[in-house]
Amino acid sequence: MPQKRDPRTGRFKMQNGCYKDDKGYIRISAGPQRGQRLHRLIAAAKLGRPLKPDEDTHHRNTNKLDNDPPNIEVMGHAQHSCVSAKQHHYLKSVDVELKREWDEYVEGGGADVSFP
């Protein structure tokens with residue numbers, strides 16, 4: 001995808017009616033879903049219903065541009081904060097035990113992760 005900015009709006013140009021927003025997520029720029037983040041639309045389609053206000057979406061591989069349905073999971077806000085914090089800590093450290101937990105989480109679908 002091109003990473004050039006639109007001189008009129010300052011947003012990153014993308015193709016097929018989408019653009020990369022200021023937080024690095026793909027947003028829809030046309031049609032009835034205009035302004036919505038693509039990963040939230042994909043998560044809602046996976047569930048077969050709209051997301052609730054207290055539901056967050058999580059990119060399992062940390063790549064905000066990877067909107068492949070298996071990479072996106074829905075969880076509550078508190079759970080998402082905890083998972084994201086563990087993920088951030090793992091990526092910024094060399095904690096062997098945390099790496100093992102994180103690898104199990106990614107490979108196992110996230111069901112067996114423990115929260116404080």
Whole-Hz couplings from phi, Karplus 6.51/-1.76/1.60, listed for the range 57-70; x for Gly and Pro = 10, 10, 8, 4, 9, 6, 8, 5, 8, 8, 9, 5, x, x
query = Quick one: Karplus J couplings for the range 49-54, per residue in order, coefficients 6.51, -1.76, 1.60, θ = phi - 60°, nearest Hz, x for Gly and Pro?
reply = 7, x, 6, 7, x, 8
task = Quick one: which residues, 5+ away or cross-chain, put their amide H under 5 Å from the amide H of residue 18? H built at 1.01 Å from N.
result = 29
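Set the Förster radius R0 to 41 Å, insert the Cβ-Cβ distance between residue 8 and residue 45 as r into 1/(1 + (r/R0)^6), and round the FRET efficiency to 0.05.
0.85
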ask   = Label-point separation (nm) for residue 66 and residue 33, each offset 7 Å from Cα along Cα-to-Cβ?
value = 2.0 nm
ask   = Given the pairs 64/86; 20/99; 23/99; 46/86, which span a C-alpha to C-alpha distance of over 23 angstrom in this model?
value = 20/99; 23/99; 46/86
message = Once you place label points 7 Å from the Cα toward the Cβ at residue 22 and residue 103, how far apart are they in nm?
response = 4.0 nm
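Readers should treat all values here as calculations from the given coordinates under stated rules, not as data from a laboratory. Here the structure is a predicted model, which is why all the values come from computation and not from measurement. All Cβ positions, glycine included, derive from the backbone under ideal geometry; neighbour counts span all protein chains shown.
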